[in-house]
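Undergrad: Quick one: the structure is below, and I'll ask about it shortly.
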Amino acid sequence: MSWHPQYRSSKFRHVYGKAASKEKCYDCVPITRNVHDNHFCAVNPHFIAVVTECAGGGAFLVIPIHQTGKLDPHYPKICGHKGNVLDIKWNPFNDFVIASCSEDTTVKIWDIPKYLLTRNITTPKKELSGHVRRVGLIEWHPTANNILFSSGYDYKIMIWNLDTKEAVISNPVKILDAHKDVVLSMSFNTDGSLLATACRDRKIRLIDPRAGTVLQVASYKSHRVNKVLFLGNMKKLFSTGTSRWNNRQIALWDQNDLSVPLLEEDLDGSSGLLFPFYDSDTHMLYVVGKGDGNIRYYEISPEKPYLNYLMEYRSHLPQKGIGTMPKRGLEVSACEIFRFYKLIPTKSLIEPISMIVPRRSESYQEDIYPLTTGAQPALTAQEWLNGVNKGPVLVSLRPGSGAVNASPQFLEPEPLMKTTDLSQQQGQGGRMLLEDMQKPSEIEDSRKQLKVEEKLPKNEQMRLSNGFDIFECPPPKTENELLQMFYRQQEEIRRLREVVNQRDVQIKQLELELRNFCMDAGRY
């Protein structure tokens, strides 16, 4: 009989939840009383959007993320829908574009101004009118720009291409007609080539969205599914629902075999829905209960037991909905790895909750912040529709760093040798040749680069920077472009510093070679 230790090593074992102080909460927000099972909240690094109560039609608020405290009762709303707003989602590649769907059977795309709202916005940028019954869910594609999925009570999922000039779009590029009942949840895999859905007929479906074919169906009778979630690149699905005895239940599935779950666990006897959230960078899974104040969190592992319980954040204030901040909006100096925005309608309050890894050092913690999904699309809408798959564009959360390409065109040479090592060897009086300290390929590359620079005119040399013509880059027009340009310049400064350091090393190497040559000449 094998013995399994009760505790296991994990850097996230002591993660804890920290609620924001009263001054950093959003107070006097008229949160919706709608009973629809959705998040009712969407967050990005600039704004927090929340569905609100509105007499006649539907509306939602868009509040600047730093505008905490009491909200003005006459604060402007986004109120162009004729029915209750059921779901809102920010465009992952543009922090100033948001989509909303409603009981009026439409999906609307809104441009949010960068300045403070002074009046209600009633005219959308685009209107999508293809459903014949109310639209309950919307999801942006994770890697392709301007691709939106919508699901309605007509049992259909529609795929929309927003790269058109028309203000009203009536014909989606694709209709997925594989469901016999209302779709309760949609989730994409990392590159957006697969779509997992949970339906009211208690089945999980794995769909190829471009072909419209159902690849697999899970119809496990003892687990009535409500929400389903792809677990990044783990090739697993996670679902929440209820058991035969109406206990709240979670289940883990193998993406390639949905006949029987890998894991099934009853949590409690409460009646509220469970919202799952997955952080693919830390492999942590958060399960948020609707109608209670609990947030359970687990760590996912590729081998058994797959799901490792870590801790539970508890609060006496129940949440009606929840929003999550993208990783690029977190406070890395405080070792914050996830942030929730909890909707508390009984107090008209939105309370941020930070999940923090306890660390003593205030420096950047590389081990808990790997490269993460950025705000740049990997594909255009037409490329994805033509069958191209590509993973998300990754960025570093280190302050001052920029986007990282999956296949970079220019590789940075490795440092040849530390100056401390050189000084030690000089002190020992040993002989060392330049060819021993530098690779032949690197010497050849540097010689070629010098020859190219010598052939170029002076004005051409000034124009070339990091492999591209700086005059070909247009000036930034939006705040996002300005930030990207700033990060690019920071990366360029860092690269130039490394080049200077390497040149210093080369100078020391040449001095050492000259010294060795003089020693040889003195002997003879």
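Undergrad: Among residues belonging to region 77-96 that are among the charged types (D, E, K, R) and under 22 Å from Met325 (Cβ atoms), point out the one that is most open to solvent (accessible area, probe 1.4 Å).
TA: In this case the residue turns out to be Lys89.
Undergrad: All but one of (1) in a loop (DSSP other than H, G, I, E, B); (2) out of contact with any Cys (no Cβ under 8 Å at 6 or more places or on another chain); (3) touching a residue at least 12 places away in the same chain (Cβ under 8 Å); (4) not β-branched (Val, Ile, Thr) hold for Gly241; which doesn't?
TA: Just one mismatch for Gly241, condition (1).
Undergrad: If His74 meets every condition in (1) touching a residue at least 12 places away in the same chain (Cβ under 8 Å); (2) farther than 30 Å from Leu483 by Cβ; (3) of a type outside the set (Val, Ile, Thr); (4) surrounded by fewer than 18 Cβ atoms within 10 Å (Cβ to Cβ) apart from one, which number is that one?
TA: Of everything listed in (1) touching a residue at least 12 places away in the same chain (Cβ under 8 Å); (2) farther than 30 Å from Leu483 by Cβ; (3) of a type outside the set (Val, Ile, Thr); (4) surrounded by fewer than 18 Cβ atoms within 10 Å (Cβ to Cβ), His74 misses just condition (1).
Undergrad: Quick check on my filter: what residues within region 34-71 are β-branched (Val, Ile, Thr) and either closer than 15 Å to Trp90 by Cα or open to solvent by less than 40 Å² (accessible area, probe 1.4 Å) (or both)?
TA: Val43, Ile48, Val50, Val51, Thr52, Val62, Ile63, Ile65
Undergrad: When you check Ala144 against the structure, is it among the small types (Gly, Ala, Ser), farther than 27 Å from Pro30 by Cβ and surrounded by fewer than 19 Cβ atoms within 10 Å (Cβ to Cβ), yes or no?
TA: no
Undergrad: Mind checking which pairs have a first residue in region 500-524 that is β-branched (Val, Ile, Thr) and a second that is open to solvent by less than 90 Å² (accessible area, probe 1.4 Å) and modelled with pLDDT under 85, Cβ under 7 Å, 6 or more apart or different chains?
TA: Val505/Leu416; Val505/Met417; Val505/Thr419
Undergrad: Next question, about the same structure. Here is a list: Ile344, Ile322, Ile300. Which entry is under 17 Å from the mean Cα position of the chain (by Cα), buried (at least 19 other Cβ atoms within 10 Å of the Cβ) and not polar (S, T, N, Q)?
TA: Going through Ile344, Ile322, Ile300 in turn, the sole match is Ile322.
Undergrad: Identify all residues within region 139-175 that are free of Cβ contacts under 8 Å to residues at least 60 places away in the same chain, in contact with an Asp or Glu (Cβ under 6 Å, 6 or more places away or on another chain) and not in a strand (DSSP E or B); write none if there are none.
TA: Lys156
Undergrad: Checking Cys25 against (1) under 24 Å from the mean Cα position of the chain (by Cα); (2) open to solvent by 40 Å² or more (accessible area, probe 1.4 Å), only one condition comes out false. Which one?
TA: (2)
Undergrad: Would you confirm whether any residue within region 347-363 is touching a His at 6+ places or on another chain (Cβ under 7 Å) and open to solvent by 50 Å² or more (accessible area, probe 1.4 Å)?
TA: The answer is yes, given that some residue of region 347-363 is touching a His at 6+ places or on another chain (Cβ under 7 Å) and open to solvent by 50 Å² or more (accessible area, probe 1.4 Å).
The values are calculated or read from the model by the stated rules, or taken from the named source; none is laboratory data. All values derive from a computational prediction rather than experimental measurement. A quick note on method: Cβ atoms are made from the backbone with ideal geometry, for glycine too, and the neighbour counts reach across all protein chains shown. Ligands, DNA and RNA are excluded from the accessible area calculation, which covers all protein heavy atoms including side chains. Shrake-Rupley method; radii C 1.70, N 1.55, O 1.52, S 1.80 Å.
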